[in-house]
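Novice: Handing you a structure now.
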């Protein structure tokens, strides 16, 4: 995100918009619930982006199979790792942050939070 120090429209553009009754457009600030992380691993799954602090295991545990099955509308089951910069351009309502413990353990509280994220974004 960039900080804008100059107005989006110059004075004559602002006057022209006011003359035809259009409100000024302002950039919306993005509020992200999850603080930025130093090392992120991003995986694309259909229209979803899954973000973790550590790489997902190659041999998927059952919780990961369940998550893929729930989110994957194309039934491909393919998790494709993408660059962390993908987050900037991905629709925020289609990003799932996973809080894994060491050894890729997915604790019950984190599972509950993840499923609540999914339900609130109404598949």
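The values are calculated or read from the model by the stated rules, or taken from the named source; none is laboratory data. Small disclaimer: the values here were computed from a predicted structure and weren't measured. Positions of Cβ are generated from backbone atoms using ideal geometry, with glycine treated the same way; all protein chains shown enter the neighbour counts.
Novice: Could you list, in sequence order, all residues of region 73-106 that are at pLDDT 80 or above, surrounded by fewer than 16 Cβ atoms within 10 Å (Cβ to Cβ) and outside any strand (DSSP E or B)?
Specialist: Those that are at pLDDT 80 or above, surrounded by fewer than 16 Cβ atoms within 10 Å (Cβ to Cβ) and outside any strand (DSSP E or B): 78, 83, 84, 85, 88, 89, 91, 92, 93, 94, 99.
Novice: Let me ask something else about it. For residue 59, only one of the following conditions fails: (1) surrounded by 12 or more Cβ atoms within 10 Å (Cβ to Cβ); (2) modelled with pLDDT of 85 or more; (3) in a loop (DSSP other than H, G, I, E, B). What is its number?
Specialist: Answer for residue 59: the failing condition is (1).
Novice: Further question on the same structure: Spot the failing condition for residue 112; the list is (1) surrounded by 16 or more Cβ atoms within 10 Å (Cβ to Cβ); (2) more than 19 Å from residue 41 (Cα to Cα), and only one is missed.
Specialist: (1)
Novice: Turning to a different aspect of this structure: Spot the failing condition for residue 112; the list is (1) within 14 Å of the chain's Cα centre (by Cα); (2) not in a strand (DSSP E or B), and only one is missed.
Specialist: (1)
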